[in-house]
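A short write-up of the structure that comes next.
Any read-out appearing in this document is the output of simple, stated calculations on the displayed coordinates, not a laboratory observation. Given the structure is predicted, the values throughout are model-derived calculations rather than measurements. Glycine gets a Cβ as well: all are built from the backbone with ideal geometry, and neighbour counts include every protein chain shown.
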Amino acid sequence: MKLGLSRSVFWAVLLQGWLSGMAVAQDFPGLREAMTAEERKAAGLDNLTAEQQEFLDAWLRPRLASPSTSGVAGRTATQEGVSGVIPRDHPKTDGDNSAMGEAANTDEDIEAEIERRVALEVSAVIAKAAEEAAAEEAAEAAARDEPFEAEIVGPFSGWSGKTLFTLSNGQVWRQRSGSNYRHTAQGQAVAVKKNLMGLWTLTVLSSGRTVGVYRID
C-alpha cells in the first residue's frame, strides 16, 4: 500500500483545515470527498475498508480543529507568508531584501515540517489499518481450517466416485476418492475436518463412514 500523500493533498485538506479552525473541522466531509480520484489512489485510500476510512476521518477532525496537535501548526496560522502573501508589518526596505529572504526560508521550513509531521501521522494510521486488515484476514484463513459439522442438503444415498455434497452452511464439497458407500442409516449430519495428511475428510455421523473430499464452493 502506498502510504505517502501528495503535496497537494496535504495543503488542500490538512493545512487549510488548521488555518480555518473548528468550523472547517466540523464541516470536513472526509478524505474520500475532499480528494480527487488520483489523490485517493496515491494515498492508498481505495485499499481501505469503509470502516477504516471512517476511522481515519474521525482521527483527522480533532486535529484539524486544534493547532496544538502539531508543534508548528499554530505558528502557521499567523504566517500569511505560507500562502505567498507578505504580511503588512513584514520588514521591508528598498535596498535590503535579507529580511524577506529570511522570512521566505522560515515559511518553507514551516511548510516542510508540517508536511513531515502530517505524513508520519497519516502513514501511521494507514499502516495500522492495513495491519489490522491483515490480522483479520489471517484469522479468517485460520478459521477456514477448523473442523465443523453440518447437514447434507437434499436426498443423500451415499457416494460413488465423484459425488457432490451440498452442506447446510452453503459450502459444496466433492468426493476425491473412488470408494463407494450406500447410506441407509438415519440422519444426514456430517463432520468435516483435515486428516493427518492435511487432506479434508467427510464423516457421516450416523454411520461413521468417512470419505475424502475437497471444497469446490
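Criterion applied to Arg174, Arg215, Arg144 was being over 30 Å from Asn47 (Cα atoms) and among the charged types (D, E, K, R), and the one residue passing it is Arg174. Considering (1) assigned to a loop (DSSP other than H, G, I, E, B); (2) touching a strand residue (DSSP E or B) at 6+ places or on another chain (Cβ under 6 Å), the lone condition that Tyr181 does not fulfil carries the number (1). Of all the residues in the stretch 124-171, those that are outside any loop (DSSP other than H, G, I, E, B) and at positive phi number 1. From the set of residues in the stretch 141-181 that are surrounded by 11 or more Cβ atoms within 10 Å (Cβ to Cβ) and basic (Lys, Arg), which is farthest from Gly198 (Cα to Cα)? The selected residue is Arg174.
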